[in-house]
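Engineer: Take this structure, written in structure tokens, and hold onto it; I'll ask about it next.
No value in this document is a laboratory result; all are computed from the given coordinates. This structure is a prediction, so every number in the text was calculated from the model and none was measured. Glycine also receives a Cβ, built like all others from the backbone with ideal geometry; neighbour counts cover every protein chain displayed.
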Amino acid sequence: VSLDDLQRFAALMTAVTDGLALQKALDPNRVELGSLFDLWDEMLRVTLSQRLEGEP
């Protein structure tokens, strides 16, 4: 994984957490952070493992 890739991942992670925080603040009863973070975790694991294995 290149430094550029890591910087892009970091920027996306910041955007995702900021966006989820805003959604939770605006509608706390309808935003289930646990399931969203589980999905996000799975997406990151798949993407990072593919990049570490050399897949595009």
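Engineer: Under a Cβ-Cβ cut-off of 15 Å, what is the net charge of the residues other than Gly34 that fall near it, where Lys and Arg count +1 and Asp and Glu count -1?
Structural biologist: Net charge in that neighbourhood comes out at -2.
Engineer: Set the Förster distance to 22 Å, then compute FRET efficiency between Ala11 and Asp41 from the Cβ-Cβ distance, nearest 0.05. Walk me through the numbers on the way to the answer.
Structural biologist: Details: r = 18 Å, r/R0 = 0.81.
Given R0 = 22 Å and the Cβ-Cβ separation, E is 0.80.
Engineer: Helix-derived [θ] at 222 nm for the chain: sum -39500 (n - 2.57) over DSSP H runs of at least 4, divide by residue count, nearest 500?
Structural biologist: Calculated at 222 nm, the ellipticity per residue is -27500 deg cm²/dmol.
Engineer: Give the residue list of GluC sites (Glu not before Pro) in the chain that are DSSP loop and have at most 15 other beta-carbon atoms within 10 angstrom.
Structural biologist: Hits after loop and neighbour filter: Glu32, Glu53.
Engineer: Would you kindly calculate the mean projected area, averaged across all directions, of the convex hull enclosing the Cα atoms of the chain, in square nanometres?
Structural biologist: Working: hull surface 15.8 nm².
Quarter of the Cα hull surface area: 4.0 nm².
Engineer: Once you charge only the Cβ atoms, +1 for Lys and Arg and -1 for Asp and Glu, what is the size of the charge dipole of the chain about its Cα centre, to the nearest 20 debye?
Structural biologist: Magnitude of the dipole: close to 140 debye.
Engineer: Now a separate question. Looking at the stretch 2-56, which trypsin sites (Lys or Arg not before Pro) are DSSP coil and have at most 11 other C-beta atoms within 10 Å of their C-beta? All intermediate terms of the calculation are to be shown ahead of the outcome.
Structural biologist: Working: sites: Arg8, Lys24, Arg30, Arg45, Arg51; in loops: Arg30.
Filter output for the stretch 2-56: Arg30.
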